[in-house]
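For reference, the structure discussed in these notes is given below.
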Amino acid sequence: MKLKRILEGREARARVQRWLLGKVDVVAQVSLNIPGFPKDVEGSRVLIHKVVASFTEKVLRVGGIVPVEVTLENGAGVTAFLGITSLDAVEVKKIAVALEEAQEWGRILDIDILTQAGALSREKMNKPSRKCLVCERDAKWCASTQRHDIKDLRKKAIDLIQEAVGAISGPLG
């Protein structure tokens, strides 16, 4: 049942992505890396809201326009989508990476930048891959080798969310 809810949630995300890409050139998808289930934990909505506000402010500051914002809450967690125009996708990805790297808790942020041609990866931007939540190794490697117990990963993610919510009285990165 849990897996079914996550997969249905991901399919709903994909539908929103397709709909937005029919209206704008660039879509920013803002979510959190929360291992295990449920994907919505205390503080996740507050953190997503704060990250979206900061991200939008940074996009507007460099000449982008955000005509569409959609929030989706389902089995895959809380996700915000921003439709962006008047700004190159590479510039939008630079803003996303800067927010993800601005604080220690940024490792739980997942800001994907999507275009009709697909997603812009960190590697395409000559940025190192994401670090694991628990150790300093490559997150994808740790996940593929199941290096850490899911309970440890989940506890670290929840701790980082709580740290972030406690630190968000001011502007982000």
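Pop the C-beta distance of Phe37 and Asp138 into the FRET formula with R0 = 25 Å and round what comes out to the nearest 0.05. Walk me through the numbers before you get to the answer.
Numbers: r = 24 Å, r/R0 = 0.96.
So, using R0 = 25 Å, E works out to roughly 0.55.
For segment 1-107, give the magnitude of the charge dipole about the Cα centre (Cβ charges: +1 Lys/Arg, -1 Asp/Glu; no others), in debye to the nearest 20.
Details: 16 positive and 13 negative charges, 70 e Å.
The dipole magnitude comes to about 340 debye.
Loop-only check: which trypsin sites (Lys or Arg not before Pro) in segment 86-173 are DSSP coil with at most 11 other Cβ within 10 angstrom? Let's see the in-between values first.
On the way: sites: Lys93, Lys94, Arg107, Arg122, Lys124, Arg130, Lys131, Arg137, Lys140, Arg147, Lys151, Arg154, Lys155, Lys156; in loops: Arg122, Arg130, Arg137, Arg147.
Here no trypsin sites (Lys or Arg not before Pro) fit, given the DSSP loop and packing criteria.
How far, in degrees from 0 to 90, does helix 150-167 lean away from the longest principal axis of the Cα atoms of the chain, to the nearest 10?
Helix 150-167 sits at roughly 50 degrees to that axis.
Test of the criteria: in segment 82-171, which GluC sites (Glu not before Pro) are in a DSSP loop and have at most 11 other Cβ atoms within 10 angstrom of their Cβ? Display every interim value, and only then the final one.
Details: sites: Glu91, Glu100, Glu101, Glu104, Glu123, Glu136, Glu163; in loops: Glu136.
Qualifying residues, ordered by number: Glu136.
What angle do you read, to the nearest 10 degrees and between 0 and 90, between the alpha-carbon axis of helix 2-21 and the longest principal axis of the chain?
Long axis of 2-21 versus the principal axis of the chain: about 10 degrees.
Report, largest value first, the span of the C-alpha coordinates of segment 1-148 along each principal axis, in whole Å.
The Cα atoms of segment 1-148 stretch 42, 34, 29 Å along their principal axes.
Taking the alpha-carbon distance from Lys93 and a cut-off under 18 Å, which aspartates and glutamates remain once sequence neighbours fewer than 8 residues away in the same chain are dropped?
Answer for Lys93, where 18 Å is the Cα cut-off: Asp25, Glu57, Glu69, Glu101, Asp110, Asp112, Glu123, listed by chain and number.
Kindly list the residues of segment 78-108 that lie in the label zone of Ala12, defined by a backbone N under 17 Å from the point 7 Å along the Cα-to-C-beta vector.
Only 78-82 fall inside the zone, counting backbone N under 17 Å.
List residues of segment 6-38, by number, whose backbone nitrogen lies under 20 Å from a label position 7 Å along Cα→C-beta of Lys151.
Within reach of a label on Lys151: 34-38.
Fully extended, how many nm does the chain gain between Gln103 and Asp25 (0.36 nm per residue separation, minus their Cα-Cα distance)? Could you put the intermediate results ahead of the total?
Working: separation 78, 0.36 × 78 = 28.08 nm, distance 2.87 nm.
Computed gain between Gln103 and Asp25 is 25.2 nm.
Multiply the residue separation of Thr85 and Lys2 by 0.36 nm, subtract the distance between their alpha-carbon atoms, and state the gained length in nm to one decimal.
Working: separation 83, 0.36 × 83 = 29.88 nm, distance 3.60 nm.
Answer, rounded to one decimal: 26.3 nm.
Only helical DSSP H runs with n ≥ 4 go in: add -39500 (n - 2.57) per run for the chain, normalise by residue count and round the 222 nm mean residue ellipticity to 500 deg cm²/dmol.
Mean residue ellipticity at 222 nm (helix-derived): -14500 deg cm²/dmol.
Please work out the C-alpha center-to-center distance from segment 1-44 to segment 114-173 and express it in whole Å.
Taking the Cα centre of segment 114-173 as reference, the centre of segment 1-44 is 16 Å away.
Read-outs throughout are calculated quantities, based only on the coordinates presented, and are distinct from any laboratory measurement. This structure is a prediction, so every number in the text was calculated from the model and none was measured. Glycine also receives a Cβ, built like all others from the backbone with ideal geometry; neighbour counts cover every protein chain displayed.
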